[in-house]
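Chemist: Sharing a structure with you now.
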């Protein structure tokens, strides 16, 4: 069902919802404007409630993407001026609009995509032409600390999309110029956001062909890439698993006292292994040099489904293993 179609300016290139879902900010590439939409209560009907026209003051120049933080900071990448325009999202009488904060150079060229961490403290911008990332610390008033830290490692070639994992530990960047996905870890300490290329970067294969959009699954275990395709590539969706699933065995160590030994195999040495019973965590440990982890504990009377997953020291959580079902009496 189509509820509405918006024809307002030329070439919409990016949009973002506010955290509450009531406001949408749309970037209009050729007209150098932003369109702000407000949602009618309890519907999917939107109305244009504000238009921001590009000027020397607000820096809008071929705006290519929009990102909105949890506290309402709005970032617009300007591929025509190598800057980001910063706004705050405000509502007056339930009407969405924008207040201008400032214009900040990215330090790179051709910024085309941006993402906030979930707490809004870090901002990552992909610079298409200079093949690097700009990393900013963001204060609660939406002010970006400058200059940005530039990250050029990890195999970046015409980066044009960014995804952050749900746990804020992993960054994936689509490289349209190399048919790969660059991978990074991100940490924050002492008001400094640090982005580091992973040893596995960049990801290749899986029929990657000009990946134009990347996103993690809600559990962080899978990474998806939408491919624009090319003459030699294949249109479609590429899917990567963050880490391999584990193998779990459960053996009784003393049936009279209901003690069982849970053995997990297949982890990367040094990774954190998490053991679950019916979806609840019952043990956490570090994988040994052979990729195993052993846990002995007493189980309650009743039905149990034992699973395990691994989490790497730098990034991402793998899928849970197949369940081992047992009945303790």
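Chemist: Sketch the reach of a paramagnetic label on residue 249 as a point 7 Å from Cα along Cα-to-Cβ, and name the residues of the stretch 260-282 whose backbone nitrogen lies under 13 Å away.
Modeler: 261-266
Chemist: Work out how far the C-alpha atoms of the chain reach from end to end along every principal axis, then list the three figures in whole Å, largest first.
Modeler: Computed over the chain, the largest-to-smallest principal extents equal 77, 44, 44 Å.
Chemist: Be a star and scan the stretch 57-86 for residues whose amide nitrogen sits under 17 Å from the point 7 Å along the Cα-to-Cβ vector of residue 50.
Modeler: Output list for this probe position: 57-60, 66-77, 85-86.
Chemist: Apply 1/(1 + (r/R0)^6) to the Cβ-Cβ distance of residue 282 and residue 99, taking R0 = 56 Å, and write down the FRET efficiency to the nearest 0.05.
Modeler: Computed FRET efficiency for residue 282 and residue 99: 0.70.
Chemist: Which FRET efficiency, nearest 0.05, do residue 145 and residue 17 yield, Cβ-Cβ r, R0 35 Å?
Modeler: 0.85
Chemist: While we're here: What is the distance in Å between the Cα centres of the stretch 28-82 and the stretch 108-180?
Modeler: Result: 19 Å between the Cα centres.
Chemist: If you don't mind, another one. Please give the contour-minus-distance gain from residue 204 to residue 325: 0.36 nm per residue of separation, less the Cα-Cα distance, rounded to one decimal in nm.
Modeler: In short, 39.9 nm is gained.
Read-outs: derived from the displayed coordinates by stated rules, not from any lab. Keep in mind it's a predicted model, so treat the numbers as computed, not measured. Cβ: placed from backbone, ideal geometry, glycine included. Neighbour counts: every protein chain shown.
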